[in-house]
Each structure stands twice: as structure tokens, then as C-alpha cells.
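Trainee: Sending over a structure as C-alpha cells; questions will come in a sec.
Here, each number is a calculation from the coordinates, and none is a lab measurement. In this text the structure is predicted, and so the values were computed from the model without any measurement. A quick note on method: Cβ atoms are made from the backbone with ideal geometry, for glycine too, and the neighbour counts reach across all protein chains shown.
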Amino acid sequence: MFNSSLECMKSVSDEIAMQLKSAVAKHLFRARSRDVEATLLEKSIMMNLNRRQFLKSTAAAGAALASAKVSGEVNPESERNGFGMLYDSVRCIGCRSCEAACNEVNKLPKPVVPFDDDSVFRQKRSTTPEALTVVNRYANPNGNDPIHRKQQCMHCNDAACVSACLVDALNKTAEGAVEWDNWKCIGCRYCMLACPFQMLKFEFKNALNPHISKCTFCIERLRAGGKPGCFEACPAEAIAFGKRSDLLIEARQRIADNPGLYVNHIYGEKEVGGTAKLYLTGVPAEKLDLPKLKEKAIPKLTESIQHGVFKYFLPPLGLFALLAGAMALFKRKDKDEASDKERNNG
Ligand code: SF4
Ligand code: SF4
Ligand code: SF4
């Protein structure tokens, strides 16, 4: 009984923590609102827009601020027919052809270490503005051959980054991609805080017009009837591309055909409300640095706590106190559990 109350409290504290992130971001956003006009003006100058267009954009930003979203934006067309990609870590041979293709398709600078140089696997890498997808190598607990795992934006169905953006610079498209719009973006970077996969990267090097970069799902190619570059380049058929619903059927079939090869879990089918990028793995997903996440979409979590906050007019200080109390409780619980473990081992 006590444990289940604690679990309940933990879930509430998680939600409050997320809500706090949102509140802080909104506060920062407001604090920055005076900078917004300047940012938009800079962009207007850079993009050779006239004053009238600039004023229109400023008004749009103001309207967006006034109607800040409390929930994510699920695209119903994407839900029905959106594309997905199924990455099969069991099939992947770690050749990094997908990285090379992504580099080519997105016209990114060539890396210092060439794509055929295995030394990159000595350390774990994350995506950067110059590498929208990276493949990492992991020791195999069940055998000699190493395991590989490709990472990139997951193109979440109900994306936290979309929900976090107050000026609609991120959107889930009908094709299934989460797309970033340079013109709308004001550079507040709250989307980066919100992403549970930490897949949004800020282009610090580009001081004048920095981009928030991530895998684009090759959206321009998709719109032109093409396919993602990484999918086309993979020589091991480790990446499948198609309708997300078809890929889920394919993934289930592969697990059923080879239950000894695969963990019976399609990562991304349900995590954070589902993602367009899906994973099949031969070891538990968290061993390949895929975070253990709840099924509920993050925008829905923030929405429910936000409603609670407004319903009970909980002032921010009360919110902080509640969170601090819950965290202290969990720290104490963790400490008690650690001492219990020590006693049992001793
Ligand atoms: S993985 Fe992160 S950046 Fe990509 S859609 Fe999901 S929340 Fe947004
Ligand atoms: S879908 Fe396109 S942008 Fe995304 S990782 Fe593949 S090649 Fe790169
Ligand atoms: S191209 Fe295919 S096999 Fe090669 S690293 Fe990428 S996903 Fe793995």
C-alpha cells in the first residue's frame, strides 16, 4: 500500500518536473519576448523581407505566444498513413553507409574521420549538426559479434518538441516526419530540453542564423515520391521503410519467425505515444542506450498536470514545494532501499 502510494507520488513528481520544465521555458520565453522582435528583424534582414512582412511575422509570434499550446499536435493523416522506418539492430553490420548517405543527402561537411574508419566506435557518439544520424557499437553479452545501434530523431507521433515550441516551428507532417521551420524558430531552444531522446542539436557554430538540427526523415525526398537516403544506402537491409502500420506487422513477423534472435519488444511502438522510427533488437533496448520511457506521450503528461495546476490554482511556489517534498521522499526511499540491500547482502 505504502509502496503503491510512493509509486503514485513518483509518477506525480515526474509529471510536475516536466511541467516545471515547461513553466521555466515559458518564463524564459516571456523574458526573451523583447528579444523576439530583434531576432525576427535580424531574420527578416537576412532573408531580404520587407517591413510589412516583418510586422506580419511579429504579430504571428505574438499570437502564438498568447495561445501557447498545452498539448501536442498529433497529425491524424500521419496516424492513419504516415511513414515509418524499422531499424533492425540484429541485421546491422555497423558499416556506417547510412551515415555517409545522410551526410550526402543533407549536404553536410565531410567528417574528419572517414566513414570507413572503425576507430570512431571506440567511444559512443551522439548526433551533431554535422551528423544527423550516428551508429554506435556495443559489446555483445550473448556472443562475440558486436552489436550496433543507429540513432537519430525518432519522429514521435505526439512529439514533446512539437508541444514545447511556442511558435509552431516544429510540426508533425502528414508523411510522419517532425519538421523544423527555420523561419518560425526564435532560438529559445525549449524543444531541446523537452526531447526525451536528446536528439535536437543547436548549431552553435552558425552565429548569424543557427539551426536546430536533427534527422529530417528526408522529408523533401518523401514529398517528391522518394525514399530516405539512409534506407537506400543500407547494404544489409537493416533499415526498412514504408507505412508505419505495415512496418509494425513486419516487425512482429520477424520476432515470431526468430524468437531466439529478437527481444519480444518493438521499441517505439508504444514509447511516448509511439514513434515513426521503430527498433528491433537482440538485447533489451536500454542496453543499447534507448531510454526506458512510459507509453503516455509527454505532451499528454504535461497537459494533465497543467490542467491540475490551473484547476486548483496551484501557485508556482506551491508547485516547487510539492516537487521538492516528493523528491525528498524518493531520495529517502532510495536510501532506505540501499540500506536494506546492504543489510541483506551482509
Ligand atoms: S525524438 Fe525528440 S526531436 Fe525527434 S520528434 Fe521526438 S521529441 Fe522531437
Ligand atoms: S532519414 Fe534522411 S535525414 Fe534522417 S537519418 Fe536517414 S538519411 Fe539522414
Ligand atoms: S548502413 Fe545498414 S548495416 Fe550499415 S551501419 Fe547503417 S544500418 Fe547498419
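Trainee: Holding the Cα-Cα limit at 28 Å, pick out from LYS110/LYS214; LYS172/LYS201; LYS107/LYS292; LYS227/LYS294; LYS150/LYS294 the pairs that are longer than that.
Mentor: Over 28 Å Cα-Cα: LYS107/LYS292; LYS227/LYS294.
Trainee: Can you tally the net charge around GLY226? Count Lys and Arg as +1, Asp and Glu as -1, for every other residue whose Cβ sits under 15 Å from the Cβ of GLY226.
Mentor: -1
Trainee: Using amide H atoms built in the peptide plane, which far-off residues or other-chain residues are under 5 Å from LEU278 H to H?
Mentor: Sorted by chain and number, the residues that satisfy this are MET85, LEU86, TYR87.
Trainee: Could I ask something else about it? Using alpha-carbon pairs under 8 Å, 6+ residues apart, how would you state the relative contact order of the stretch 73-311 in percent? Please list the in-between numbers first.
Mentor: Details: 436 pairs, mean separation 65.2, N = 239.
Value for the stretch 73-311: 27 percent.
Trainee: Still on this model: Per-residue HN-Hα couplings for the stretch 94-99, Karplus 6.51 cos²θ - 1.76 cosθ + 1.60 at θ = phi - 60°, whole Hz, x for Gly and Pro?
Mentor: Working through the residues one at a time gives x, 7, 6, 4, 5, 5 Hz.
Trainee: Calculated FRET efficiency, ARG223 and ASP145, Cβ-Cβ r, R0 51 Å, to nearest 0.05?
Mentor: My answer for the efficiency is 0.85.
Trainee: Just to check I understand the Karplus step: with θ = phi - 60° and J = 6.51 cos²θ - 1.76 cosθ + 1.60, what whole-Hz values come out for the stretch 214-223, glycine and proline as x?
Mentor: 5, 3, 8, 6, 6, 4, 5, 5, 4, 5
Trainee: Would you mind checking which residues have amide H under 5 Å from ALA297's amide H? H placed 1.01 Å from N; only 5 or more apart, or other chain.
Mentor: GLY273
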